[in-house]
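*Asks:* What follows is a single structure, and I will ask about it in a moment.
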Amino acid sequence: MSHSSDVQAKSFTDGGAVGVGRARIRGVHVLCASGNPHLQITDGSGGAVILDVKFSTSSATSHTLFIPEDGILSVNDPFLVETDIAQITVFYA
């Protein structure tokens, strides 16, 4: 059975801490820059990788990734590590 909770969103132009504490990642939307767009989300700064995605190399291409069920749990504040991504929006609960 799925949890019912309010999903929130935060947008970033650089990697770093999401700043929300413990959270379930429900989805991400990225606007790629040229190069090799790559996004990792770790369980806190320096923690285990909980999401690792490479995207299309076309510049100004956007991608949306929805995570099924209850999402991916980050016990510590989720931390974004990005390469060649212009903007990231993280959906979390």
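*Asks:* Which values, in whole Å and largest first, are the semi-axes of the equivalent ellipsoid of the chain obtained as the square root of 5 times each eigenvalue of the Cα gyration tensor?
*Replies:* For the chain, the ellipsoid semi-axes come out as 22, 14, 11 Å.
*Asks:* Could I ask something else about it? Which percent of the accessible heavy-atom area of the chain goes to carbon and sulfur, probe 1.4 angstrom?
*Replies:* Taking all protein chains in place, the chain shows 49 percent carbon and sulfur surface.
*Asks:* Follow-up question, since we're still on this one. On a C-alpha basis, how far is the centre of segment 35-81 from the centre of segment 5-23 in Å? Whole number, if you could?
*Replies:* 11 Å
*Asks:* Let me ask another. To the nearest 20 debye, what is the magnitude of the charge dipole of the chain about its Cα centre, counting +1 on the Cβ of each Lys and Arg and -1 on the Cβ of each Asp and Glu?
*Replies:* Charge dipole, the chain, about its Cα centre: 100 debye, nearest 20.
*Asks:* For labels at V7 and L73 in the simple 7 Å Cα→Cβ model, what's the distance in nm?
*Replies:* 2.0 nm
*Asks:* Compute the accessible area per residue over the chain, keeping the other protein chains in place, probe 1.4 Å, unit Å².
*Replies:* With the other protein chains kept in place, the chain gives 54 Å² per residue.
The values are calculated or read from the model by the stated rules, or taken from the named source; none is laboratory data. Source: prediction; values computed, not measured. No Cβ is skipped: glycine too gets one built from the backbone with ideal geometry, and neighbour counts run over all protein chains shown. Just so you know, the surface numbers come from the protein's heavy atoms only, side chains and all, with ligands and any DNA or RNA stripped out. Shrake-Rupley method; radii C 1.70, N 1.55, O 1.52, S 1.80 Å.
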